[in-house]
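The values are calculated or read from the model by the stated rules, or taken from the named source; none is laboratory data. A quick note: this is a predicted structure, and the numbers were derived from the prediction, not measured. When we count neighbours, we look across all protein chains shown, and the Cβ atoms used for this are built from the backbone with ideal geometry, even at glycine.
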């Protein structure tokens, strides 16, 4: 691979690993390759542009799959179903503008969505009192229909009866639930905010907690219900000592 090809390949790989806006990464790469003062100042061929555009599609797809991967709920990269649907719409528009079709893409996304819904319904059926679906039912059903995913109506009813969490609340609730070395939980009432914390047997608190606070769209009763639902869903014992 000559130096020219190396530059372009490196930028394609950078786009594939870029952040939440791969189209922005594409234009940054083109600018670097063609115009930036300390760049290689290349003249890009149609095949070069195609390689970079394919990297945008690859990144979009991976972001969508990331947010539909149920195992990612306890990761800081998780953004949930709402972001997955938004990015799927962006991906479709981008592919339409570029007249690109990727074989197997829809099937891959549909498979992950179906698995997400099965696991979501299972966890709620087993007693969890909140849902990780952070979007409205109509949007989810439209997304599933387009992908050819048949979601059990009883599953949908079950999910949308639960209290929805933001993606950050999902991450923190999952983290608190899965830290087996911290077996005790406690719910602080701080007036306009509730905070859920977990402790280990030495009475040490995990550095990460979950705060549910009032804002202009909620009242104290609503945040109390949400905090209580999350707290009761964490399968740990209440702290057996007095906490000030």
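Observations on the structure shown:
- Looking only at segment 234-244, and only at residues there that are in contact with a strand residue (DSSP E or B) (Cβ under 6 Å, 6 or more places away or on another chain) and modelled with pLDDT under 95, the one that is surrounded by the most Cβ atoms within 10 Å (Cβ to Cβ): 239
- Taken together, 182, 171, 231 contain a single residue that is in a loop (DSSP other than H, G, I, E, B), modelled with pLDDT of 95 or more and crowded, with 17+ Cβ neighbours inside 10 Å, which is 182.
- Candidates 109, 124, filtered to the one that is touching a strand residue (DSSP E or B) at 6+ places or on another chain (Cβ under 9 Å), under 21 Å from residue 144 (Cα atoms) and surrounded by 19 or more Cβ atoms within 10 Å (Cβ to Cβ): 124
- For residue 159: the one exception among (1) in contact (Cβ under 8 Å) with a residue 12 or more places away in the chain; (2) more than 25 Å from residue 19 (Cα to Cα); (3) surrounded by fewer than 16 Cβ atoms within 10 Å (Cβ to Cβ): (3)
- Checked against the criterion of being touching a strand residue (DSSP E or B) at 6+ places or on another chain (Cβ under 7 Å), in a helix (DSSP H, G or I) and modelled with pLDDT of 95 or more, the candidates 176, 187, 140 yield just one match: 176.
- Of everything in segment 1-17 that is touching a helix residue (DSSP H, G or I) at 6+ places or on another chain (Cβ under 8 Å) and in a loop (DSSP other than H, G, I, E, B), the residue that is nearest to residue 93 (Cα to Cα) is 17.
- Residues that are in contact (Cβ under 8 Å) with a residue 24 or more places away in the chain and either under 19 Å from residue 76 (Cβ atoms) or surrounded by 13 or more Cβ atoms within 10 Å (Cβ to Cβ) (or both) within segment 196-222 comprise 196, 198, 199, 206, 208, 209, 210, 212, 220, listed in sequence order.
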